[in-house]
Amino acid sequence: MLDYAARAARCRTQNQFNRLHIDLETVVSPREVAAIRNAKSWQDLPLQSRVWLRRLKTMAPGIMDRPQGYRRSVVSDLVMVYENPAVPASRKALLVAFTGNSGRLMIPMPAFLQSLDSGLWTVVALRKEADGSYFRGIEGIATDLPGIVGYVDATFSPARYQRVVTLGTSGGAYAAVAAAVLMGADRGVSVGGAPPALAAGTPGALPEIAGKARQLDGTDLVFVFGSDFDPDRQTAEALREATGGQIHPVADVAGHNVINAVLQRGDLEPFLAEVLASDRIRGTLRRRMRRLLTGWRR
Amino acid sequence: MTDKIRDILNTALQAGRNGTRWPADIAEAIADNDRDVALDRLGFDSLGWMEFCISVELQSGLELTPNDIDTMRDLAQIDAWLRARL
């Protein structure tokens with residue numbers, strides 16, 4: 001159980017508070033942030049805590065008094081699940097999120113989740129080591145990307161959900177798209193992603209994924225980037241050419257961190273609704289056929 | 001510049017980089033311990049600078065903060081800050 005007060009009481013320097021808050025921001029749910037805020041009177045919180053909470057509230061205005069109903073489950077240090085237990089899976093979509101090098105989706109996790117309706121989504125958040133690669137798997141869970149896909153299927157039963165979407169940002173972005181192809185998801189979304197240099201024959205490498213993507217029916221691949229940021233634009237266009245997916249430039253964004261730019265504008269909720277929505281309803285039988293076509297292995 | 005300060009800086013730079021790649025010229029400059037590298041060329045966001053400062057404090061016990069970084073231009077100034085206190 002999160003005991004913020006005790007952990008904050010042990011902090012003596014700004015850097016120690018920053019360490020605490022950075023680590024929490026990668027994992028806590030909106031409800032946990034609200035609970036931290038409400039556990040003590042405002043004046044009894046350390047100044048550094050108040051600054052942090054105020055910053056989170058600025059990012060996600062409703063987080064303190066109307067937090068999204070996600071309950072966080074710790075599957076492992078590298079796998080978190082955020083689920084609203086009041087809504088059955090059959091009425092929701094499953095988002096499999098491949099976080100980037102910082103263990104984030106470009107912004108603090110509670111701010112991201114606050115912009116995603118917990119009545120519509122269950123989120124599985126995957127993490128890797130900063131210098132690691134999803135193509136070498138996740139420690140303690142899988143040794144390669146197909147293994148991650150198999151783990152997600154065995155552990156979270158995507159077939160229970162109306163839709164399955166993968167999303168990755170930065171260092172997790174291409175892996176999310178590759179996973180979407182391998183698992184026959186409804187949609188795979190890359191934000192600022194680029195295919196890593198992988199040894200020939202590595203599962204999930206671009207030639208393999210591009211070939212399979214063009215044979216798939218029903219998996220949308222979307223490559224999101226800041227419209228004024230040439231490195232990500234060029235990569236997205238190349239991925240579109242290779243896979244037959246679609247690009248999604250975000251207007252007036254001149255940097256890599258698209259999610260933060262959209263958050264700062266107050267547009268994250270409609271942005272996510274647009275890029276994550278699927279325009280097809282997934283059927284269980286069609287999913288199984290896709291798996292056969294993609295040669296997905298357990 | 002002592003070896004200890006070089007090691008602290010290099011370790012902290014890796015912490016701030018957090019797995020992202022530098023342009024080749026920056027990577028080469030850092031590998032060569034060139035301290036005339038402007039801080040804005042490192043490409044660190046606010047999170048990166050927090051990780052950098054946390055690493056410095058963990059290694060040295062010195063409380064360099066992102067607010068301190070805001071007053072500096074290049075790695076040489078961070079190096080000088082450390083040397084003055086170690």
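The values are calculated or read from the model by the stated rules, or taken from the named source; none is laboratory data. This structure is a prediction, so every number in the text was calculated from the model and none was measured. Note: ideal-geometry Cβ built from the backbone for every residue, glycine included; neighbour counts use all protein chains shown. Note: accessible area is taken over every heavy atom of the protein model, side chains too, but ligands, DNA and RNA are not part of it. Shrake-Rupley method; radii C 1.70, N 1.55, O 1.52, S 1.80 Å.
Okay, residues lined up against (1) of a type outside the set (D, E, K, R); (2) within 25 Å of A:A130 (Cβ to Cβ):
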{"position": "A:Y174", "(1), (2)": "yes, yes"}
{"position": "A:D186", "(1), (2)": "no, no"}
{"position": "A:S190", "(1), (2)": "yes, yes"}
{"position": "A:G193", "(1), (2)": "yes, yes"}
{"position": "A:A199", "(1), (2)": "yes, yes"}
{"position": "A:T202", "(1), (2)": "yes, yes"}
{"position": "A:Q215", "(1), (2)": "yes, no"}
{"position": "A:F225", "(1), (2)": "yes, yes"}
{"position": "A:F229", "(1), (2)": "yes, yes"}
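Please specify each residue of the stretch A:1-55 satisfying the condition of being under 16 Å from A:A111 (Cα atoms), among the hydrophobic types (A, V, I, L, M, F, W, C) and within 14 Å of chain B (Cβ to nearest Cβ). Spell out how you get there, then give the answer.
The initial filter retains those residues of the stretch A:1-55 that are under 16 Å from A:A111 (Cα atoms), namely A:21-37, A:51-55.
Next, only the ones that are among the hydrophobic types (A, V, I, L, M, F, W, C) stay: A:22, A:24, A:27-28, A:33-36, A:51-53.
Matches in the stretch A:1-55: A:I22, A:L24, A:V51, A:W52.
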Would the stretch A:42-59 turn up any residue that is more than 26 Å from A:R187 (Cα to Cα), polar (S, T, N, Q), touching a residue at least 12 places away in the same chain (Cβ under 8 Å) and open to solvent by 40 Å² or more (accessible area, probe 1.4 Å)?
yes
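Listed here are the residues, each with its yes/no results for (1) open to solvent by 10 Å² or more (accessible area, probe 1.4 Å); (2) among the small types (G, A, S).
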residue: A:F98; (1), (2): no, no
residue: A:L113; (1), (2): no, no
residue: A:L116; (1), (2): no, no
residue: A:R127; (1), (2): yes, no
residue: A:R136; (1), (2): yes, no
residue: A:V152; (1), (2): no, no
residue: A:S157; (1), (2): yes, yes
When you scan the stretch B:3-10, do you find a residue that is more than 14 Å from chain A (Cβ to nearest Cβ), over 11 Å from the mean Cα position of the chain (by Cα) and not β-branched (V, I, T), even just one?
yes
Do we find a residue being farther than 19 Å from A:R31 by Cα, of a type in the set (A, V, I, L, M, F, W, C), at pLDDT below 95 and open to solvent by 20 Å² or more (accessible area, probe 1.4 Å) anywhere in the stretch A:138-145?
yes
Among the numbered criteria (1) modelled with pLDDT of 90 or more; (2) assigned to a helix (DSSP H, G or I); (3) not polar (S, T, N, Q), which one does B:D25 miss?
(1)
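Looking only at helices (runs of 4 or more DSSP H) that lie completely in the stretch B:28-86, which have at least 3 residues being within 11 Å of chain A (Cβ to nearest Cβ) and open to solvent by less than 40 Å² (accessible area, probe 1.4 Å)?
B:46-60
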Note on the stretch A:208-229: residues of a type in the set (D, E, K, R) and modelled with pLDDT under 95 are A:E208, A:K212, A:R214, A:D217, A:D220
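From the list A:A179, A:A173, which one is buried (at least 24 other Cβ atoms within 10 Å of the Cβ), hydrophobic (A, V, I, L, M, F, W, C), within 14 Å of chain B (Cβ to nearest Cβ) and not in a loop (DSSP other than H, G, I, E, B)? Break it down stepwise before answering.
Details: A:A179 fails: within 14 Å of chain B (Cβ to nearest Cβ).
It is A:A173.
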